[in-house]
1. Run residue 60 past the list (1) assigned to a helix (DSSP H, G or I); (2) among the charged types (D, E, K, R); (3) closer than 24 Å to residue 88 by Cβ and report the number of the one that doesn't hold.
2. Keeping to region 136-153, report how many residues are among the aromatic types (Phe, Trp, Tyr) and in contact with a helix residue (DSSP H, G or I) (Cβ under 6 Å, 6 or more places away or on another chain).
3. Scanning region 74-99 for residues that are modelled with pLDDT under 95 and of a type in the set (A, V, I, L, M, F, W, C), which turns out nearest to the chain's Cα centre (by Cα)?
4. For region 185-197, what are the residues that are within 11 Å of the ligand (Cβ to nearest atom) and either surrounded by 15 or more Cβ atoms within 10 Å (Cβ to Cβ) or touching a residue at least 60 places away in the same chain (Cβ under 8 Å) (or both)?
5. From the list 73, 150, pick out the single residue that is closer than 25 Å to residue 23 by Cβ and in contact with a Pro (Cβ under 7 Å, 6 or more places away or on another chain).
6. Residue 55 is checked against (1) under 17 Å from residue 94 (Cα atoms); (2) not in a helix (DSSP H, G or I) and fails just one. What number does that condition carry?
7. Cβ-Cβ below 6 Å, separation at least six or inter-chain, first residue in region 117-135 and within 20 Å of residue 40 (Cα to Cα), second away from the ligand (no atom under 12 Å from the Cβ) and outside any loop (DSSP other than H, G, I, E, B): which pairs?
Amino acid sequence: MKKIVIAIDGHSSSGKSTMAKALAREIGYIYVDSGAMYRAVTLYAMRNGFFRADGSIDEEGLRARMGDVHIEFRLEEGKDAPQTYLNGERVEDEIRTMEVSNRVSPIATLAFVREALVRMQQEMGERKGIVMDGRDIGTTVFPNAELKIFMTASVEVRAFRRHRELAWKGEEHTMEEIRQNVVERDRIDSTRAVSPLRQAPDAKVLDNSDIPMPEQLRIMKEWYDEAAKE
Ligand code: DC
């Protein structure tokens, strides 16, 4: 088997991260959650006053400070995936709140943010043996990835998953509120000028609305075996 790059793109709450993590564990690859990087920049912008009271972003201010944003992933005992660190601080939980979710899309439309993060992501993939999930991994970050997977599921199924995920963390939101967040994020992610969410022409599509996780993993593993064959 040769070492390859696996790019997984898809809609928010399509189960990308869960399945990317599971696949990486199964085949002994490193897992990188590129969405966590956009979330970490969003948290940085919130904490440093780059969101104005009306919700708009002080782009010039943030651009000038991008060099001070250091994001790393560290493996930790007892955790099933690498944990996100922002300037040396573990922010894995802080970046998953609804507040960050509601503010991350406009941050992810900023070209200077994308350029900085794409560069970091490409460096992480240089040695291969990596599974990265996001929105532009198979199109912009690794257009030559040996295996590209595009994951999706219906809006209803994705809103249900998100609701359950937030409820586990003790965050109560109505289904309608979450449904709107899912739809709005799809809209912004797919229509933005820079690196919109697009399916790479050579991506394999996995619509998992009705497919249980073990079966999804089996399908992905089969695709991996085929792509990594010498
Ligand atoms: O996958 P996620 O929900 O954690 O992603 C958070 C946000 O970051 C989402 O609005 C899309 C954006 N994103 C992106 O633009 N490009 C990526 N490669 C990953 C995420």
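The values are calculated or read from the model by the stated rules, or taken from the named source; none is laboratory data. Predicted, not measured: the structure shown is a model, and the values here were computed from it. Every residue, glycine as well, gets a Cβ built from its backbone with ideal geometry; the counts of neighbours run over all protein chains shown.
1. Single failed check for residue 60: (3).
2. Start the filter on region 136-153 by keeping residues that are among the aromatic types (Phe, Trp, Tyr), which leaves 142, 150.
Pick out the ones that are also in contact with a helix residue (DSSP H, G or I) (Cβ under 6 Å, 6 or more places away or on another chain) and you get none.
Total satisfying the criteria: 0.
3. 81
4. Step one: list which residues in region 185-197 are within 11 Å of the ligand (Cβ to nearest atom), which gives 185-190, 192, 194-197.
The answer is 185, 186, 188, 189, 192, 194, 195, 196, 197.
5. Values: 150 fails: in contact with a Pro (Cβ under 7 Å, 6 or more places away or on another chain).
The match here is 73.
6. For residue 55, the failing item is (1).
7. Listed by first residue and then by second, the contacts come to 125/5; 131/6; 131/23; 131/24; 131/31.
Quick grid of which residues meet (1) exposed (fewer than 14 other Cβ atoms within 10 Å of the Cβ); (2) away from the ligand (no atom under 13 Å from the Cβ); (3) among the hydrophobic types (A, V, I, L, M, F, W, C):
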{"residue": "133", "(1), (2), (3)": "no, no, no"}
{"residue": "154", "(1), (2), (3)": "no, yes, no"}
{"residue": "167", "(1), (2), (3)": "yes, yes, yes"}
{"residue": "222", "(1), (2), (3)": "yes, yes, no"}
{"residue": "230", "(1), (2), (3)": "yes, yes, no"}
